[in-house]
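A quick write-up on the structure given underneath.
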Amino acid sequence: MFQKILRLFYKVAMWFFLISVFSVLFFRWVPVPFTPLMITRAFEQKFNGESLHCKHDWVPIEEISPRLQRAVIASEDATFQDHHGFDFSAMFKAYKNNSKGKRIKGGSTISQQTAKNVFLWQGRSYVRKAFEAYFTVLIELLWSKERIMEVYLNSIEMGDGVYGAQAASKYWYDKPAADLSKYDAAGIAAILPNPLKYKAKNSSAYIERRKSRILKHMRYVKLKY
């Protein structure tokens, strides 16, 4: 009996490994059409009696302003271009803050967020975190940093029913992502911790302070890819 369970586990693990590697390789070149979060939000909208609304326009990274790329690095992951998927220093700081009962901080890198957004469900369970780490290693091995940034900026939530840089740029500033100013870019980056709560335009005092900090740090971000 134990051997049968062991063989079944082995087969499931092998199939999962093959499918996951194929999926990561597939999306190395192919645009991601939708994410698990988009599906979840659609169900939430339906359950709440809202009309379904989802804005998502994939564009290549060449059509996304470098200012936005620098802004999200300055805001979300200062060491993105140098680490191999994980920023252990940030994770340790997040652990210390959370253990003291302060505002919860995840310490997740852009690579980790991309892995979660594209391949996994939302949540804070240890199981989901383990899968997130696995997919983070895969995309760091099989994608370039430029591709990770491209997928990240095309898949993350940037407003209510708004996903990706192009849709967010049109929604918040009525312009394509290629034409974002540094102030526009900082505005979008500033709301990423909670894009359903915060606004990139006509922002609260808290978001305006975040914009100022992001603009300050953007000056030191040089794109290397």
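Bear in mind that the values in this text are calculations on the coordinates, not laboratory data. Computed from a predicted structure; not experimentally measured. Ideal geometry is used to build each Cβ from the backbone, glycine not excepted, and the neighbour counts take in all protein chains shown.
Observations on the structure shown:
- Each label was represented as a point 7 Å from its Cα along the Cα-to-Cβ direction; for F17 and K175 these points are 5.0 nm apart.
- Size of electric dipole in the chain: Cβ of Lys, Arg +1 and of Asp, Glu -1, about Cα centre, debye, nearest 20: 940
- Angle between the chain longest axis and helix 126-142 axis [Cα atoms, degrees, rounded to 10]: 80
- Ratio of Rg to Rh for the stretch 1-95: 1.10 [Cα atoms; Kirkwood radius as inverse mean 1/r over pairs].
- Using a Förster distance of 45 Å, the FRET efficiency for Y10-C54 (Cβ separation, nearest 0.05): 0.70
- Pairs from K175/K211; K46/K175; K129/K211 whose Cα-Cα separation, in the structure shown, is over 21 Å: K46/K175; K129/K211
- Spacing of the modelled spin labels on M1 and T79, each 7 Å from Cα toward Cβ, amounts to 4.8 nm.
- The stretch 108-173: C-alpha gyration tensor shape, a/c 1.5 cut-off, then a/b vs b/c: oblate
- Taking the longest Cα principal axis of the chain as reference, the axis of helix 88-99 is set at about 90 degrees.
- Spacing of the two label points (7 Å from each Cα toward its C-beta) at W29 and W121, in nm: 3.3
- Using the Stokes-Einstein relation with a Kirkwood hydrodynamic radius computed over Cα pairs, the translational diffusion coefficient of the stretch 113-225 at 4 °C and a viscosity of 1.567 mPa s comes to 85 µm²/s.
- Build a GNM of the chain with springs between Cα atoms under 10 Å apart, and of F86, F17, F27 the one that fluctuates most is F17.
- Label of the coordinate-derived value, Rg and Dmax of the Cα atoms in Å, listed as (i) 22.6, 97; (ii) 18.4, 64; (iii) 20.1, 67: (ii)
- Which of I139, W29, F2, positive extreme of dipole for the chain (C-beta unit charges): F2
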